[in-house]
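Here's the structure, in structure tokens; my notes come after.
The values are calculated or read from the model by the stated rules, or taken from the named source; none is laboratory data. Because the structure is a prediction, the values reported are computed rather than measured. Ideal geometry is used to build each Cβ from the backbone, glycine not excepted, and the neighbour counts take in all protein chains shown.
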Amino acid sequence: MADVHPLTLAYARDFPAEMAAYLAAQGVDTVNRTLIGLPEDTAAGVVARLPHAHLVRLLADQADEQVSRWLDAADADQALAMLLHMEEDRRNRLLAGLSSRRMRRTLTRLVVYPRETVGALVNPAAASLDVSMPLGEAVALLRQDTPAPEQPIWLTDPAGIYLGLLDLNRALVAHSDQISLESFVIPVNALRAELSLLDARGAEAWAAHSELPVIDHLNHLLGTVSHARLEAALGGEHLTQYGLADSAGELTRQYFRVMGAFMGDLLGHGRPGK
């Protein structure tokens, strides 16, 4: 680990979301250079809070060994955020290599959904921004990533909790670039990952949107699913490129199973393991 200024270390440890937003605005080189100097647990907190496109790019550029160190040092929410920004094959490989058996069991249950549920179709490549970010910083990040004009930008709080859709029309005519994105939230009902595909088809939000956000049982934004992808899955097409599907294909009450598993591990129930 390279030397790091004590103030940088303290800021990263106490304000990881703010540090992540600042580093992302400075560019990928600054992100990499800063992370090298941080302890693994502190770096994990910052990495997990990077804006979506930056997190996907960072993880793709890092070797499995480095990402594994971050995952081992992370808490459950941080590790989940990182795992959901990886391709399925790599996610499974890194999950299997986690040093904590309890964390491995918990995360596996949280990221794997039956094929007949919305979670199995999630596309994690959804553009999202932290709602506390000033408009000027958000514009700078969007210019770096150059999303398609029709691509929706979803908003979350600093912990990754889903809040709504960015109102680009209002944001573009704002009088100050210091206004936070909180002023431009359009409420859009999200689909829960454990929802069955048939139930998801009936969501009223499809009347206004061709793509909807998907959230987990803690309301974290997992990604999106398009109406076309949903209809294709219901029509029998095999679509698992992005989804967090398991191999069993049996529809269960996934939500309650996951919640029970998570609470059991959290409270230390079950067989002991590191």
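One residue alone among 76, 44, 21, 12 is among the small types (Gly, Ala, Ser), closer than 26 Å to residue 120 by Cβ and touching a helix residue (DSSP H, G or I) at 6+ places or on another chain (Cβ under 9 Å), and that residue is 76. Taken as a whole, region 212-233 holds at least one residue that is surrounded by 14 or more Cβ atoms within 10 Å (Cβ to Cβ), more than 21 Å from the chain's Cα centre (by Cα) and at pLDDT 85 or above.
Does residue 125 fit the bill of being in contact (Cβ under 8 Å) with a residue 24 or more places away in the chain and not assigned by TED's automatic domain parsing to the domain that holds residue 10? Spelling it out, residue 125 is indeed in contact (Cβ under 8 Å) with a residue 24 or more places away in the chain and not assigned by TED's automatic domain parsing to the domain that holds residue 10. The helices (runs of 4 or more DSSP H) found wholly in region 15-105 and carrying at least 3 residues that are at pLDDT 85 or above and within 26 Å of residue 142 (Cα to Cα) occupy 16-26, 28-36, 40-47, 52-61, 76-83.
Taken as a whole, the structure places residue 116 among residues that are under 30 Å from residue 234 (Cα atoms), more than 17 Å from the chain's Cα centre (by Cα) and of a type in the set (Asp, Glu).
Scoring residue 200 on the criteria (1) over 18 Å from residue 122 (Cα atoms); (2) not in a loop (DSSP other than H, G, I, E, B) leaves a single failure, condition (1). Regarding region 145-165, can at least one residue be identified that is closer than 27 Å to residue 235 by Cβ, in contact with a Pro (Cβ under 7 Å, 6 or more places away or on another chain) and in contact (Cβ under 8 Å) with a residue 12 or more places away in the chain? For region 145-165, residues closer than 27 Å to residue 235 by Cβ, in contact with a Pro (Cβ under 7 Å, 6 or more places away or on another chain) and in contact (Cβ under 8 Å) with a residue 12 or more places away in the chain: present.
Can you tell me which of (1) over 18 Å from residue 222 (Cα atoms); (2) of a type in the set (S, T, N, Q); (3) touching a helix residue (DSSP H, G or I) at 6+ places or on another chain (Cβ under 6 Å) is the one residue 66 doesn't meet? Result: residue 66 passes all but (3). Tell me whether region 129-136 contains one or more residues that are under 20 Å from residue 209 (Cα atoms), hydrophobic (A, V, I, L, M, F, W, C) and buried (at least 19 other Cβ atoms within 10 Å of the Cβ). Checking region 129-136: at least one residue is under 20 Å from residue 209 (Cα atoms), hydrophobic (A, V, I, L, M, F, W, C) and buried (at least 19 other Cβ atoms within 10 Å of the Cβ). Does any residue of region 162-169 turn out to be closer than 22 Å to residue 18 by Cβ, under 18 Å from the mean Cα position of the chain (by Cα) and among the hydrophobic types (A, V, I, L, M, F, W, C)? Taking every residue of region 162-169 in turn, at least one turns out to be closer than 22 Å to residue 18 by Cβ, under 18 Å from the mean Cα position of the chain (by Cα) and among the hydrophobic types (A, V, I, L, M, F, W, C).
For every residue, the table says whether it meets (1) under 12 Å from residue 103 (Cβ atoms); (2) hydrophobic (A, V, I, L, M, F, W, C).
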site	(1), (2)
35	no, yes
44	no, yes
55	no, yes
65	no, no
78	yes, no
81	no, yes
